[in-house]
Amino acid sequence: MPLPTIIYGILLSTLEGALYHLIRGGNFKKILFFIVLAWIGFWIGDSAGWYLGWSFMSVGLLNAGMGLLMGFAFLLVGDLLSFVISEVDKQE
């Protein structure tokens, strides 16, 4: 995969994580958590999309649509799990 494609994917997924943080709020640790989740989800989605033959919103070799969808799924699940874990810690 060419370097400009990788950089574009990193920018898209970073923007996705930052926008999610803007909506959900939180501290500096949360924004880092959201951005890392978006990165992981984006690249898994991109790879899975090509592997399964599902592509939409493709930009060259980047399956941006599947990457953004999977990144959003990772953000939702990660946010839910972090909330549940923090609530369990408060009860103990």
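With an 8 Å cut-off on Cα pairs and a minimum separation of 6 or more residues, tell me the relative contact order of segment 28-87 in percent.
Numbers: 66 pairs, mean separation 22.5, N = 60.
In percent, rounded to a whole number, it is 38.
Which value in deg cm²/dmol, rounded to the nearest 500, describes the helix-derived mean residue ellipticity at 222 nm for the chain, given -39,500 (n - 2.57) per DSSP H run of n ≥ 4 and division by the residue count?
Values: 3 runs with 75 residues, N = 92.
Result for the chain: -29000 deg cm²/dmol, rounded to the nearest 500.
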Task: segment 42-92: C-alpha pair distances exceeding 18 Å, % - done: 43
TODO: Could you calculate, for the chain, the ratio of the Cα radius of gyration to the Kirkwood radius, expressed as Rg to Rh?
DONE: 1.06
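Values quoted throughout were computed directly from the atomic coordinates according to the rules given, and no laboratory measurement underlies them. Bear in mind that the values here come from a model prediction, so they are computed numbers and not experimental data.
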